[in-house]
Amino acid sequence: MGKVVLVTGVARHLGSRYVQAIRRQPDVDLVVGVDLQPSAHDLDGTSDPDGLAALAEYLFVRADIRRPAVAGVIARHGVDTVVHLNVSTTALGSTSRSTVKETNVIGTMQLLAAAQKAAGVQRLVVKSTTSVYGSAPRDPAVFSERMQPKVLPSGGFAKDAVEVEGYVRGFARRRPDVAVCVLRFANIVGPHADTPLADYFSLPVLPTVLGYDPRLQFVHEDDAVEVLRLASVEPRRGTTNAGTFNVAGEGVMVLSQAARRLGRPTVPMLLPAVSWMAGMARQTRLLDFSPEQMRLLTHGRVVDTTQLRETFGYHPAYTTEQALADLARSGRPGLLRAEQVAGWTSKVAAQLRVTELPNGGGKRR
């Protein structure tokens, strides 16, 4: 018998893409998808899109991971690998924020309790986020996996992720025989990524906080899927996929650079005004512009990915800049051409660097 992989959160884009990838693993016999609703993608096919490779069997189970019934699913199918992707940044459809929090926290508790009782479970993979480091004005320039945030997240998805990781550490202590991998993803972008930052970049005009130009990192959705796949199989020679790993593309961009590459004009506003707009966007469900997103777009966040490359053994195919470029190619064009915005910005910057002194006595830089 090959591996039996249970995947939560298959209704979302990342979960669906992961199922498609893991079904191509030659040592996987069955993939069990668990969610409250099925994926919009066709996950039931018996071959890949080109018809070149037979796929592992896929079974969808409509179940709520907040309920103890998930233990029966694990026991009934002899699951040996649990991949927990239903730790969500945003609500799906008409789901409320309170329901998302319950799924993130209570759902994780129930899932871990079920996995702890199942003697056959050998591997656990949990999707987390670099938001656990927070975003604060006195943060270090770069966060490594061993560092603690200056200010713990006080609410939202970031706080959920901190609690989830705490439960996972408890599980690892109680089941030391299970290989546990926690993946802290930077902002995921790509042609079909359904993340808050991708939604923000789709706006025709980007509201920004006056006086701030935060540093950002991105990970392409293709890299995110590949890292999840590698985390749920046996590690390659000389690497290990047990532990906690930051996942981000190489390089860093500031928000103004990202806006220029996307051809989006920015509107700098005072922080209270941007916070008010974010609140209105959340109430009208036009955009999930959470307080933690506001802090990110004010102070930014950068993480070290040395462990991902040297210990986990994966080098992302897309840099931060390339991931954003792919988003720009696949998305709706901005109000302005990226080249035009970049040209205007360069001219303004040049004028600010070189100005005439008031007494006409030469130039000031």
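Taking only segment 94-121 into account, find how many residues are modelled with pLDDT of 95 or more and in contact with a Ser or Thr (Cβ under 7 Å, 6 or more places away or on another chain).
Going through segment 94-121 one residue at a time, the tally reaches 1.
Any idea how many residues of segment 178-195 are modelled with pLDDT under 90 and buried (at least 19 other Cβ atoms within 10 Å of the Cβ)?
Adding up the residues that qualify gives 2.
Which members of segment 209-250 meet the condition of being touching a Leu at 6+ places or on another chain (Cβ under 6 Å) and at pLDDT below 95?
Passing the criteria: Val209, Leu210.
With Arg17, Arg76 as the choices, which residue is modelled with pLDDT of 85 or more and either under 30 Å from Gly155 (Cα atoms) or in a loop (DSSP other than H, G, I, E, B) (or both)?
None of the other options fit; the residue is Arg17.
What tally of residues in segment 146-161 results from selecting those that are part of a helix (DSSP H, G or I) and open to solvent by 50 Å² or more (accessible area, probe 1.4 Å)?
Number satisfying all stated conditions: 1.
Give the residue that is farthest from Asp160 (Cα to Cα), with candidates limited to residues of segment 301-332 that are at pLDDT below 95 and outside any helix (DSSP H, G or I).
Step by step, filter segment 301-332, then rank; the result is Arg332.
Name, by its number, the condition in (1) modelled with pLDDT under 95; (2) open to solvent by 30 Å² or more (accessible area, probe 1.4 Å) that does not hold for Arg174.
So Arg174 meets the others, but not (1).
Could you check how many residues of segment 108-134 are outside any helix (DSSP H, G or I), without any contact (Cβ under 8 Å) to a residue 60 or more places away in the chain and among the basic types (Lys, Arg)?
Number satisfying all stated conditions: 0.
Being more than 20 Å from Thr103 (Cα to Cα) and either modelled with pLDDT of 95 or more or assigned to a strand (DSSP E or B) (or both), is that true of even one residue in segment 32-41?
no
Being over 18 Å from the mean Cα position of the chain (by Cα) and in a helix (DSSP H, G or I) is the filter; apply it to segment 203-258 and report the residue that is nearest to Thr311 (Cα to Cα).
Applying the filter and picking the extreme gives Gln257.
The values are calculated or read from the model by the stated rules, or taken from the named source; none is laboratory data. Note that the structure is a prediction, hence the values are computed from the model and not measured. Ideal geometry is used to build each Cβ from the backbone, glycine not excepted, and the neighbour counts take in all protein chains shown. Side chains are part of the model used for accessible areas, which takes the heavy atoms of the whole protein and leaves out ligands, DNA and RNA. Shrake-Rupley method; radii C 1.70, N 1.55, O 1.52, S 1.80 Å.
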